[in-house]
1. Mind checking whether some residue in segment 120-132 is of a type in the set (Gly, Ala, Ser) and either surrounded by fewer than 18 Cβ atoms within 10 Å (Cβ to Cβ) or under 14 Å from Ala218 (Cα atoms) (or both)?
2. Among the numbered conditions (1) modelled with pLDDT of 90 or more; (2) open to solvent by 30 Å² or more (accessible area, probe 1.4 Å); (3) of a type outside the set (Gly, Ala, Ser), tell me where Gln11 comes up short.
3. Can you spot a residue in segment 164-178 that is surrounded by 14 or more Cβ atoms within 10 Å (Cβ to Cβ), modelled with pLDDT under 85 and in a helix (DSSP H, G or I)?
4. Within segment 39-49, which residues are in contact (Cβ under 8 Å) with a residue 24 or more places away in the chain and not hydroxyl-bearing (Ser, Thr, Tyr)?
5. Quick check: anything in segment 152-161 at negative phi, without any contact (Cβ under 8 Å) to a residue 60 or more places away in the chain and among the acidic types (Asp, Glu)?
6. Restricting the search to segment 136-148, which residues are within 13 Å of His210 (Cβ to Cβ), outside any loop (DSSP other than H, G, I, E, B), open to solvent by 10 Å² or more (accessible area, probe 1.4 Å) and touching a helix residue (DSSP H, G or I) at 6+ places or on another chain (Cβ under 7 Å)?
7. Taking Glu216 as meeting all but one of (1) closer than 24 Å to Leu91 by Cβ; (2) surrounded by 21 or more Cβ atoms within 10 Å (Cβ to Cβ); (3) out of contact with any Phe, Trp or Tyr (no Cβ under 7 Å at 6 or more places or on another chain), write down the number of the exception.
8. Hey, among Arg227, Arg154, Arg208, Arg194, which residue is in contact with a helix residue (DSSP H, G or I) (Cβ under 7 Å, 6 or more places away or on another chain) and either among the basic types (Lys, Arg) or open to solvent by 60 Å² or more (accessible area, probe 1.4 Å) (or both)?
Amino acid sequence: MTNARRGRIPQRRIAETVAAELRTRILSGDDDYRLPTQDQLVQDFGVSYPSIREALRILETEGLVTVRRGNVGGAEVHRPDESSAAYHLGLALQGARVTLGDLAAGLRTLEPLCAAECARREDRAEVIVPALEASIESSAELIGEGLPFTHTARDFHDLIVSFTPNATIRYVVSSLVALWSSQEEAWAEVLTKRGEYPSPSESQESVRTHRRLLEEIAAGRAEAAERLYRAHLTATQALVLERFDNGIVNATSDLARQAIQSSRGPRV
């Protein structure tokens, strides 16, 4: 028993050293970076196959690689993005039993800042306004369609965050938005099945508010855009919170994971 433990420690340390080097390569490499084969890794690092396999397992638990076994085996690289950040943050919030009300309050503090930053961008007329216009038109066409409307209307919020210039704010807020979107879509699915989804008039009001937000952003009125966005967020959140305020953030359901994975990537 003691000898087995002593024999395991060096191999684990070697594996951690190899994993650290490969992690650095993945995070600093190009988007299309591919790991060498295990044979090549053994040769490059001068270590055993078990150490290489253990290193890959470490990276796999971190979500940086997926190891395929068999004749078509190999390691597929996954660079971290907003969806992976949202999922791991969601796991932390779920484990801490953070409520939807708490998540909503955090978003009311942070997400409206993104609308203000969009209004301050000098290239907003060329880059932001056309994308928001297209999103609004898509959601307007789906009024009365329940879950499809919710999904498309949420796209407007995703876009606002994705156009935020500051990368740190963009990653943090987009993770929270992805988590909220997954909860909101779960809510919409439940109410649609019950026949209790909000009326078309409420959906129309949401689209009208999106149009007003677009006007404020296009005109460069940052403070007005932030105030209107916060009021809109409060109103739309209330529809969910009146039924699920004390519910716990859930990042592990199939619907939540699908919503998180489909969250919009960076645009800037």
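1. Checked against the condition, which is being of a type in the set (Gly, Ala, Ser) and either surrounded by fewer than 18 Cβ atoms within 10 Å (Cβ to Cβ) or under 14 Å from Ala218 (Cα atoms) (or both), segment 120-132 yields at least one hit.
2. That leaves (1) as the condition not met.
3. Step one: filter segment 164-178 for residues surrounded by 14 or more Cβ atoms within 10 Å (Cβ to Cβ), giving 164, 169-178.
Pick out the ones that are also modelled with pLDDT under 85 and you get 178.
Filter once more, so that each one left must be in a helix (DSSP H, G or I): 178.
Yes: segment 164-178 contains one or more residues that are surrounded by 14 or more Cβ atoms within 10 Å (Cβ to Cβ), modelled with pLDDT under 85 and in a helix (DSSP H, G or I).
4. Step one: filter segment 39-49 for residues in contact (Cβ under 8 Å) with a residue 24 or more places away in the chain, giving 45, 47-48.
Within segment 39-49, Phe45, Val47 qualify.
5. No; the residues of segment 152-161 include none that is at negative phi, without any contact (Cβ under 8 Å) to a residue 60 or more places away in the chain and among the acidic types (Asp, Glu).
6. Ser138, Ala140
7. Among (1) closer than 24 Å to Leu91 by Cβ; (2) surrounded by 21 or more Cβ atoms within 10 Å (Cβ to Cβ); (3) out of contact with any Phe, Trp or Tyr (no Cβ under 7 Å at 6 or more places or on another chain), the lone unmet condition for Glu216 is (1).
8. Details: Arg227 fails: in contact with a helix residue (DSSP H, G or I) (Cβ under 7 Å, 6 or more places away or on another chain); Arg208 fails: in contact with a helix residue (DSSP H, G or I) (Cβ under 7 Å, 6 or more places away or on another chain); Arg194 fails: in contact with a helix residue (DSSP H, G or I) (Cβ under 7 Å, 6 or more places away or on another chain).
On inspection, the qualifying residue turns out to be Arg154.
The values are calculated or read from the model by the stated rules, or taken from the named source; none is laboratory data. Since we're looking at a predicted model, the values are computed, not measured. Backbone-built Cβ (ideal geometry, glycine too); neighbour counts: all protein chains shown. Note: accessible area is taken over every heavy atom of the protein model, side chains too, but ligands, DNA and RNA are not part of it. Shrake-Rupley method; radii C 1.70, N 1.55, O 1.52, S 1.80 Å.
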